[in-house]
1. So, with +1 on the Cβ of K and R and -1 on the Cβ of D and E, and no other charges, what is the size of the charge dipole of the protein assembly as shown about its Cα centre, to the nearest 20 debye?
2. Mean-square fluctuation check for chain A, GNM, Cα pairs under 10 Å: which of A:VAL188, A:VAL28, A:VAL82 is largest?
3. Cut-off under 14 Å on the C-alpha distance; same-chain residues fewer than 8 positions from A:LYS109 excluded. Which aspartates and glutamates are left, in chain and number order?
4. Have a look at segment A:2-221 and give its Rg and Dmax from the Cα atoms, expressed in angstrom.
5. Can you list residues from other chains, or at least 5 along the same chain, whose modelled amide H is less than 5 Å from the amide H of A:GLU200?
6. Let me have the 222 nm mean residue ellipticity of chain A computed from DSSP H runs of 4+ only, each contributing -39500 (n - 2.57), with the sum over all residues rounded to the nearest 500.
7. Taking the Cα atoms only, what angle lies between the long axis of helix B:16-27 and the longest principal axis of chain B, rounded to 10 degrees?
8. What are the ³J(HN,Hα) couplings of segment A:35-45, residue after residue, when phi is run through the Karplus curve with 6.51, -1.76, 1.60 and θ = phi - 60°? Round to Hz, x for glycine and proline.
Amino acid sequence: MKAVVTVFPGSNCDRDMKVALERAGCSVTMVWHKDTALPEGTDLVAVPGGFSFGDYLRCGAIAANAPILAPLRAHAERGGYVLGVCNGFQVLTEAGLLPGALLRNAGLKYICRTVGLSISTTNSVFTSAYEQDARIALPIAHHDGNYFADEATLDRLEGEGRVAMRYTDNPNGSARDIAGILSENARVLGMMPHPERAAESAHGNEDGARLFAHLTEAVLRA
Amino acid sequence: MKARVHVMLKDGVLDPQGEAIRHALGALGFSGVDGVRQGKVIELDLSDGTSDDEIARMCETLLANTVIESYRIERL
């Protein structure tokens, strides 16, 4: 599987993402935010965590208007896979590829710790590695992870099975405990927790490795 | 010419920073502060003749996230 990791000034989980994808068997190319095309045959675009453009204006707002977003948007529109983690999730909401927004954490503090999650749907290549309602643990590290959308949007996301995962003990005030959501075709996932930081035994937690391994398998099979 | 763009969280969107400021004012002994909302002010130094529509497009595209924020344009 051919994966691409986008790199913005201030991205800092890009190399971790590359390593996690490579361990799962992907060939990975890094693309710079000023690039105007994705490599031929790209299956997955991963938008990594970090502080793109220093989080100036709003987290992800400036990255969401970077040149690389045009081919990323086109990739998503033709049914390509996109994974946004942490700042990547913020970029995808700012770009309108996923609904809602990530607000400042309700407790106003930057939170960096491992949290419990439950898998809310297995109906995506990103979450089908897990059982429905499976409890997993992944690290979070963010200041603005408080998921917000209006009630009608939240109802629609729940009704369409597009909530990918929820916090078991809501750390940041997110609406309906939402930690990750899917696009309508379930091929774009945005999530605040970091699966790439729980992807090998040295991390002390391999709950995230399954996401990458299964995703790679599923895309190759498709 | 200059314009000033005021960006505020929409009503109904929780503003934890505003809440923290409200608490701090109370702790300083200021009574009667029932609510605080914190926003942003962005000043634009523009070429003469920039239309209101053009400034509104700047707001819609980048300066405000209209999922959570409203904006008001003030010509200076």
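1. The dipole of the protein assembly as shown has a size of about 380 debye.
2. Result for chain A, Cα springs under 10 Å: A:VAL28 fluctuates most.
3. A:ASP144, B:ASP15, B:GLU19
4. That works out to 15.5, 44 Å for Rg and Dmax.
5. A:ASN205
6. My calculation for chain A gives -7000 deg cm²/dmol from helical runs alone.
7. Relative to chain B, helix B:16-27 is tipped by roughly 40 degrees.
8. Along segment A:35-45, the couplings run 5, 10, 8, 9, x, 3, x, 5, 8, 10, 10 Hz.
Values in this text are rule-based calculations from the coordinates and carry no lab data. All values derive from a computational prediction rather than experimental measurement. Cβ: placed from backbone, ideal geometry, glycine included. Neighbour counts: every protein chain shown.
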